[in-house]
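Written out below as structure tokens is the structure these notes cover.
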Amino acid sequence: MTADPSPKSDPSLEAEPRRGRVRRWLVRATLALGLVVGVGGLFEVTIWTAPAHMVFNALPALDEREAWQAEEPTLVVLQHGLASSPWTLWRLERTLEANGYAVLNPSYPSLDGGLEDFAASLHEKIERACAERAASGEPAFERFCFVGHSMGGLVIRSYLAREDSREAHRSVFLGTPHRGSAMAKAWIDRWWFQLLLSGKGATRQLVPGDPIYDRLRGVDAGQVGTLVGSVDTDGAEVIPGPDDGRIGVDEGQLPAAADSAVLPMGHFSLSFDRRMIEPVMRFLRSGRFDGQG
């Protein structure tokens with residue numbers, strides 16, 4: 001009998017190259033995601049940080065209703081920082097909702113405009129949320145609370161400086177440079193800072209001595225709490241004293257604060273870590289980070 005001249009392929013030999021290609025694709029995708037997350041956390045730029053914040057903010061929301069439940073119909077307004085997005089505070093947003101708060105977590109074009117521009121936009125969004133609440137037949141908000149991360153805290157204070165703002169019940173500022181940022185002052189005119197963060201508008205308002213800080217002095221933010229981070233960093237030599245890698249501990253303080261705390265974490269973690277979320281939730285309920293108010 002003559003042998004078949006056309007040899008049949010071995011299925012196992014065909015499957016092996018396919019498995020190898022899949023493995024290589026998964027390795028490359030994992031490395032790419034790691035690069036995106038790592039670079040995003042390092043440079044705090046929207047196109048990179050949105051994926052990074054999505055990853056870390058996917059951690060479970062915290063539900064402690066017996067201790068944290070909203071006592072009155074309350075709207076909590078969140079504001080992300082420079083070159084970031086609402087994903088920055090998504091875990092906190094979900095935690096607030098799980099404990100009975102209504103939440104407004106809007107975006108704004110932080111590289112295109114000034115703090116007063118962002119405050120005007122925030123005013124419109126808050127009023128729209130109140131109108132939608134009324135149209136739904138639900139009880140009107142009796143309290144308005146605010147939580148801002150980094151420059152988002154300055155947007156909140158700029159909003160509260162407006163004559164048509166809603167009265168703040170309690171406000172928490174997470175790593176907000178209330179007197180400006182020494183890092184912004186040192187880097188504002190460097191080419192790579194200009195390339196990444198534009199170096200104009202609100203970015204330039206972060207430089208200490210900008211007139212915005214005189215306009216914000218004495219703004220009533222209700223009962224105020226400040227949380228700042230402190231870590232050992234090699235890249236923040238331009239910041240005097242301890243810092244979170246972006247903002248100095250002293251820069252994050254407000255004289256009018258009812259309570260303040262320094263947490264052992266960097267600027268990036270200060271937006272999603274449960275060690276931040278827990279004291280924020282206690283402060284919104286009691287006016288103290290330890291919940292004993």
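Of note:
- Amide proton proximity set for Val172, modelled H, under 5 Å, gap of 5+: Phe146, Val147, Gly148, Gly225
- In the assembled protein chains, Trp187 presents an accessible area of approximately 50 Å² (probe radius 1.4 Å).
- Shape call, segment 88-202: gyration tensor on alpha carbons, a/c limit 1.5: prolate
- Each Lys and Arg Cβ is given +1 and each Asp and Glu Cβ -1; about its Cα centre, segment 84-136 then shows a dipole of about 280 debye.
- Coupling constants for segment 203-216 follow from the phi torsions by the Karplus curve (6.51 cos²θ - 1.76 cosθ + 1.60, θ = phi - 60°), and in residue order they are 4, 6, 5, 6, 6, x, x, 4, x, 4, 6, 5, 5, 8 Hz; glycine and proline get x.
- Segment 180-192 - phi-based ³J(HN,Hα) in whole Hz, Karplus 6.51/-1.76/1.60, Gly and Pro as x: x, 10, 5, 5, 4, 4, 6, 10, 4, 9, 7, 4, 6
- Shape of segment 205-291, Cα gyration tensor, a/c cut at 1.5: oblate
- Modelled label positions at Gln194 and Met54, each set 7 Å beyond Cα in the direction of Cβ, lie 3.3 nm from each other.
- For the pair Ala102 and Asp220, the difference between a 0.36 nm per residue extended length and the Cα-Cα distance amounts to 40.3 nm.
- Charge dipole of segment 127-221 about the Cα centre (unit charges at C-beta), most positive-ward option of Leu206, Trp192, Val147: Trp192
The values are calculated or read from the model by the stated rules, or taken from the named source; none is laboratory data. Computed from a prediction, not measured in an experiment: that's the story for all the values here. Here Cβ is always computed from backbone atoms with ideal geometry, including for glycine, and neighbour counts include all displayed protein chains. Keep in mind that these areas ignore ligands, DNA and RNA; they rest on the heavy atoms of the full protein, side chains included. Shrake-Rupley method; radii C 1.70, N 1.55, O 1.52, S 1.80 Å.
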